[in-house]
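Just below is one structure, and these are the notes that go with it.
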Amino acid sequence: MSALANLQHNLQTHVMGEDEQILNQLVLPVRGTIHERLAVYSNAYDWRFIDALHQEYGLLAKLLGDEAFTELAEAFIDVYPSQFYSIAMFSEPLAQFLDEYTPYSEQPHLSELAKLIKALIVSLEAADASFLNFETLTNIAEQNWPSLCFKFHPSVQYFCFNYNSYAIWQALVQEKSVPNVQMEKTHCVVWRKGLQSYAVALTEVEALVLSLLQQGFCFADVCEAVYDKGFMVESQTANFVANLLATWLNNHLFSEVKLS
């Protein structure tokens, strides 16, 4: 390794982990100290990551306040220093960090909110796929409907939360008063339509239908489950599920349909 390459390597190592080898390779400044000079680079390195987190999780910063969010970001960087050349991968463990480390693990809605925010970003980056249209469905014989199975678009993500995290997210997005944190089982779905990502709350029965379809259950099986769970009488289930499928189809949640 050349002297220049060695110097560059030791400077990078110091910036990323505060290794002290670089101190013996630098000339004393006219003003200040070597540590102060190095801090310019080290601090800039950390602040770029903090800024990246703030841009991605601006709603979380809005909820916590900038000072508290910066403290969170600094703690996250210490526990999960970047291992990637691309900054895009850097924030992936944030929800896990919020789950595992105090005081954030004592506020479980923060992790749920981070998962929802990240899901909206991931939906935009999801693979492209064709969208199922009404014409395809209308060409399917009525007697084959009980055996229909639906494949969701790659951008679709389903969440079941233990707190009112969706309501908190919605209030932050709409710039309304944020509700108090409550332990409350809630469901939502995230997906992409065109160049826009969406998150919509689901009722318990809607969440059941979506979950079963994601697992590969066919139309008849889903209708039977809706009835068995006591959500409605048997005569109403097929119409309810069909209308729900039509809504999701119109919103581009499905990419394919096939017979089981």
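Report, by residue number, each residue of the stretch 69-97 that is within 18 Å of I121 (Cα to Cα) and either free of Cβ contacts under 8 Å to residues at least 24 places away in the same chain or in contact with a His (Cβ under 8 Å, 6 or more places away or on another chain) (or both).
The answer is S86, A88, M89, P93, A95, Q96.
Report, by residue number, each residue of the stretch 80-135 that is part of a loop (DSSP other than H, G, I, E, B), surrounded by 15 or more Cβ atoms within 10 Å (Cβ to Cβ) and either in contact with a Pro (Cβ under 7 Å, 6 or more places away or on another chain) or among the aliphatic types (A, V, I, L, M) (or both).
Residues satisfying the conditions are Y80, A126, A129, L132.
Of all residues being over 24 Å from V257 (Cβ atoms) and among the charged types (D, E, K, R) in the stretch 91-143, which is farthest from the chain's Cα centre (by Cα)? Just the residue, please.
E106
Being surrounded by 17 or more Cβ atoms within 10 Å (Cβ to Cβ), without any contact (Cβ under 8 Å) to a residue 60 or more places away in the chain and under 26 Å from the mean Cα position of the chain (by Cα) is the filter here; which residues of the stretch 238-247 pass it?
L244
Yes/no matrix, rows are residues, columns are (1) in a loop (DSSP other than H, G, I, E, B); (2) under 17 Å from the mean Cα position of the chain (by Cα); (3) assigned by TED's automatic domain parsing to the domain that holds L60:
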position	(1), (2), (3)
C160	no, yes, no
Y166	no, yes, no
A220	no, no, no
G230	yes, no, no
Q236	no, no, no
L249	no, no, no
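Criterion first (touching a Leu at 6+ places or on another chain (Cβ under 7 Å), touching a residue at least 24 places away in the same chain (Cβ under 8 Å) and not assigned by TED's automatic domain parsing to the domain that holds A207) does L120 satisfy it?
For L120, the condition - touching a Leu at 6+ places or on another chain (Cβ under 7 Å), touching a residue at least 24 places away in the same chain (Cβ under 8 Å) and not assigned by TED's automatic domain parsing to the domain that holds A207 - is not met.
Which one of the conditions (1) of a type outside the set (S, T, Y); (2) assigned to a strand (DSSP E or B); (3) surrounded by 16 or more Cβ atoms within 10 Å (Cβ to Cβ) does Q170 fail to meet, given that it meets all the rest?
Here Q170 clears every test but (2).
The values are calculated or read from the model by the stated rules, or taken from the named source; none is laboratory data. Note that this is a predicted model, so its numbers are computed, not measured. Cβ sites come from the backbone with ideal geometry, for glycine too, and all protein chains shown count toward neighbours.
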